[in-house]
Amino acid sequence: MKILVTVKRAVDYTVRVRPLTDGSGVDIANAKMSMNPFDEIALEQAVQFKEAGLADEIVAVSIGDSGSQDVLRSALAFGADRALLIQTDSVLEPVAVSRILAKIATDEAPHLVLMGKQAIDDDASQTPQMLAARMGWAQGTFACGLSMGEGEVSVIREVDGGTQTLALTLPAVVSVDLRLNEPRYLKLPDIMKAKRKPLEVQTVEELGVDVSTKTRITHFAEPPEREPGVRVQSVSELIDRLVNEAKVL
Amino acid sequence: MAVLVVADHSDGILSDGTARTITAALELDATVDVLVAGEQAQAVAEQAAALSGVTRVRCCDDAAYAHRLAEPMAALILSLMNEYAVVMAPGSAQGRDVLPRVAAVLDVAQLSEITRVIDSSTFERPIYAGNVLATVVSEEAIKVITVRITAFEPTAAAGSSAPIEAVAAAEAPDLARFVEESVVRSDRPELGSAKVVISGGRGVGSAEGFKLLEKIADELNAAIGASRAAVDAGYVPNDYQVGQSGKAVAPDLYIAVGISGAIQHWAGMKDSKVVVAINVDEECPMVQTADYALVADLFDVLPELEEGLAQLKAH
Ligand SMILES: Cc1cc2nc3c(=O)[nH]c(=O)nc-3n(C[C@H](O)[C@H](O)[C@H](O)COP(=O)(O)OP(=O)(O)OC[C@H]3O[C@@H](n4cnc5c(N)ncnc54)[C@H](O)[C@@H]3O)c2cc1C
Ligand SMILES: Nc1ncnc2c1ncn2[C@@H]1O[C@H](COP(=O)(O)O)[C@@H](O)[C@H]1O
């Protein structure tokens, strides 16, 4: 079985992103970048399937600028067999990313695509569902449990109120949630080994996929600041202030 | 312009998030129809028809939609999209699951979790864990939008009832099979619409520890939330998680107990009117940014708080 895993390079989760003062973009030129945390979980799942003898090849794909080679090298260190970068300097809408991924999924013909449930930069939570729709495949979003069956994959999903279990016909797209697993720490020998694994780079133009959309961000603003708060000394002072000052009790 | 709002419901009850999504749809100066799909969906359709601003309810009563799986739901919505310029759904687990499938087939960009309608093609939505608010202009032929439900008030009940019209099920390939669900029904208010939320973090220490929060929630008719750490540790179920990758809440009062206040947690509760932090660590971001911070051991002060609130109620 072949598994395709998508990995996006995003601003590290510890960075508090702010808009540029003129509102024309976000101030991330010097920010620490990492693999989108949900994509690490997707990769970990793929590697666990391979270790269990359920998968024989893992292909990692990223769409982004040349810096995305870093996250693909990490993906290879995790255990992906080869990597593919579709290079572009533009920031793409999820629908445009899904067009690219559909082309790759058609060419690679994986049995399963594992993706993060959301990218922590755009917080869109769209790309996996869009890819599934384009391919005419089943989707299992927000997965916290996965197991392989005969020609299908069983997915436990985190939904409002609890969890839901679905059996998806393969090929399928699964988007993973935080509680699926805990990604391993990369070890130095694996990082060294990853340097020799194949990483192919192609531009969006070479791939020949239209990435235009009729949607654009025209302004980036800071959310309203909170007024400075007060330190209360006791429970009775807290209740008193909530009743008489904040008037919320 | 006509908008189709895709209703969310469970156990025969229309979600409060649907009523909030209708409010967002009405801000587009539009005719708003509501799609109710499900098995024995009639009762839900009637609830939707009774909401103010609804022009028509389209009801698809069919076993194919019993669990509202994404593949058949998307096919059903798409079968109606030649009549609408916009399709909207609450940014719930269902809305987030289904709408991108619709957008992909229409080959348009989707707007996720809008927090404001600026005009009929301009919207605001949070990005980067809510640290940035993006103004987004969409000139797509059909707009596909999910709504951050805490950002809109629910539409009120109307004096009259909108017509309910049956729609046929749509053809869809059998790709996914429902196996089972494990859903806990709670008598407490929904997290997304509660006026008061009390949330616990790693500091609460155990499922047992959450009982202290429950008692206070009883006094305040509050919903109970949690940080990711508390959910990961198994103190409470997954859908209690408030934050960037959990639920967004915007109550009048948010009480964070034993939560450090990571960026990802703030992302889910920063629109709360008043934030109270109860934490032993005076340096942590929750204490630093809260409106009222009580630097104390939660196990000492929660029983005291419960008692104080009970007295307040008695007066
Ligand atoms: C991709 C991604 C998505 C995430 N999404 C979310 C999300 O949606 N929601 C979310 O919450 N987190 C999310 N996180 C995790 C987030 O970064 C933090 O790790 C998490 O919020 C920490 O939870 P906590 O505050 O309960 O735990 P900690 O940070 O460990 O804080 C525990 C707090 O309890 C206090 N405490 C301990 N004992 C006591 C006591 N006896 N009395 C009073 N106070 C006490 C401590 O001082 C401390 O401040 C996400 C992380 C990633 C990487
Ligand atoms: N540029 C990209 N490169 C690789 N994977 C991506 C990219 N954009 C989105 N994805 C995948 O889609 C998931 C959801 O992203 P989003 O829909 O943007 O929230 C991510 O966790 C990734 O797995």
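The values are calculated or read from the model by the stated rules, or taken from the named source; none is laboratory data. This one's a predicted model, so the numbers in the text were calculated from it and none came from an experiment. Note that each Cβ is placed from the backbone with ideal geometry, even for glycine, and that neighbours are counted across all protein chains shown. For accessibility, only protein heavy atoms count, side chains too; no ligands or nucleic acids. Shrake-Rupley method; radii C 1.70, N 1.55, O 1.52, S 1.80 Å.
There is no residue in segment A:89-99 that is under 24 Å from A:Asn181 (Cα atoms) and open to solvent by less than 40 Å² (accessible area, probe 1.4 Å).
Selection of segment A:166-192 for residues being away from ligand 2 (no atom under 16 Å from the Cβ) and more than 15 Å from A:Val153 (Cβ to Cβ) yields A:Glu182, A:Arg184, A:Tyr185, A:Leu186, A:Lys187, A:Leu188, A:Pro189, A:Asp190, A:Ile191, A:Met192. Is it the case, given these coordinates, that A:Ser98 is away from ligand 2 (no atom under 12 Å from the Cβ) and modelled with pLDDT of 95 or more? So A:Ser98 does not fit the description; no. A:Phe49 fulfils the conditions (1) aromatic (Phe, Trp, Tyr); (2) under 23 Å from B:Thr135 (Cα atoms); (3) open to solvent by less than 20 Å² (accessible area, probe 1.4 Å) except for a single criterion, (2).
Within segment B:1-24, the set of residues being in contact with an Asp or Glu (Cβ under 9 Å, 6 or more places away or on another chain), within 23 Å of B:Ile118 (Cβ to Cβ) and of a type outside the set (S, T, N, Q) comprises B:Met1, B:Ala2, B:Val3, B:Leu4, B:Val5, B:Gly17, B:Ala19, B:Arg20. Please tell me if A:Gln202 is assigned to a helix (DSSP H, G or I) and either surrounded by 17 or more Cβ atoms within 10 Å (Cβ to Cβ) or more than 10 Å from chain B (Cβ to nearest Cβ) (or both). Judged against the criteria, A:Gln202 is not a match. Scanning segment A:143-166 for residues that are of a type in the set (A, V, I, L, M) and either touching a His at 6+ places or on another chain (Cβ under 9 Å) or more than 21 Å from B:Val242 (Cβ to Cβ) (or both), we see that the one that is most open to solvent (accessible area, probe 1.4 Å) is A:Ile156.
Among residues that are within 14 Å of chain B (Cβ to nearest Cβ) and of a type in the set (A, V, I, L, M), A:Ala60 is not included. Scanning segment A:1-33 for residues that are more than 14 Å from chain B (Cβ to nearest Cβ), within 15 Å of ligand 2 (Cβ to nearest atom) and of a type outside the set (A, V, I, L, M) gives A:Thr6, A:Arg9.
Mind checking whether some residue in segment B:194-212 is in a helix (DSSP H, G or I), within 14 Å of chain A (Cβ to nearest Cβ) and open to solvent by less than 90 Å² (accessible area, probe 1.4 Å)? Yes. Does segment B:140-162 contain any residue that is of a type in the set (Ser, Thr, Tyr), facing chain A (nearest Cβ under 9 Å) and within 23 Å of A:Thr141 (Cβ to Cβ)? The answer is yes, given that some residue of segment B:140-162 is of a type in the set (Ser, Thr, Tyr), facing chain A (nearest Cβ under 9 Å) and within 23 Å of A:Thr141 (Cβ to Cβ). Of the residues screened, B:Glu165 is not one that is charged (D, E, K, R) and either free of Cβ contacts under 8 Å to residues at least 40 places away in the same chain or within 23 Å of A:Ala167 (Cβ to Cβ) (or both). Among the residues of segment A:139-152, the ones that are over 21 Å from B:Asp8 (Cα atoms) and at the interface with another protein chain (Cβ under 10 Å from one of its Cβ atoms) come to 2 in all. Apart from one condition, B:Ile216 fits all of (1) more than 12 Å from ligand 1 (Cβ to nearest atom); (2) open to solvent by 40 Å² or more (accessible area, probe 1.4 Å); the exception is (2). Hey, can you tell me all the residues within segment B:131-164 that are over 18 Å from the mean Cα position of the chain (by Cα) and assigned to a loop (DSSP other than H, G, I, E, B)? Correct list: B:Asn131, B:Glu139, B:Glu140, B:Ala141, B:Ile142, B:Ala158, B:Gly159, B:Ser160, B:Ser161, B:Ala162, B:Pro163. Here is the figure for segment B:71-94: residues that are within 18 Å of B:Thr21 (Cβ to Cβ) and at the interface with chain A (Cβ under 10 Å from one of its Cβ atoms) total 6.
When the residues of segment B:227-263 are filtered to those that are open to solvent by less than 10 Å² (accessible area, probe 1.4 Å), aliphatic (A, V, I, L, M) and assigned to a loop (DSSP other than H, G, I, E, B), the one that is farthest from A:Leu180 (Cα to Cα) is B:Val249.
Screening A:Pro224 with (1) at the interface with another protein chain (Cβ under 8 Å from one of its Cβ atoms); (2) open to solvent by 70 Å² or more (accessible area, probe 1.4 Å); (3) not in a strand (DSSP E or B) gives one miss only, at (1). Name the residues in segment B:230-243 that are more than 7 Å from chain A (Cβ to nearest Cβ) and within 13 Å of the chain's Cα centre (by Cα), would you? B:Tyr240, B:Gln241, B:Val242, B:Gly243, listed by residue number. Take the conditions (1) within 7 Å of chain B (Cβ to nearest Cβ); (2) loosely packed, with under 12 Cβ neighbours inside 10 Å; A:Ala246 misses just one of them, which is (2). Within segment B:107-121, the residues that satisfy the criterion of being open to solvent by less than 50 Å² (accessible area, probe 1.4 Å) and more than 8 Å from chain A (Cβ to nearest Cβ) are B:Ile114, B:Thr115, B:Val117, B:Ser121. Taking the criterion of being touching a Ser or Thr at 6+ places or on another chain (Cβ under 8 Å) and buried (at least 24 other Cβ atoms within 10 Å of the Cβ), the residues of segment A:121-132 that qualify are A:Ser125, A:Gln126, A:Thr127, A:Pro128, A:Gln129, A:Met130, A:Leu131.
Within the bounds of segment A:26-34, is there any residue that is closer than 26 Å to A:Gly145 by Cα and within 14 Å of ligand 1 (Cβ to nearest atom)? Yes, the conditions are met somewhere in segment A:26-34.
Of the candidates B:Arg185, B:Arg177, the single residue that is modelled with pLDDT under 95 and either more than 15 Å from the chain's Cα centre (by Cα) or more than 16 Å from ligand 2 (Cβ to nearest atom) (or both) is B:Arg185. Can you name the residue in segment A:12-24 that is touching a residue at least 40 places away in the same chain (Cβ under 8 Å) and open to solvent by 10 Å² or more (accessible area, probe 1.4 Å) and, of all such residues, is nearest to ligand 1 (Cβ to nearest atom)? Among those residues, the one meeting the criterion is A:Tyr13.
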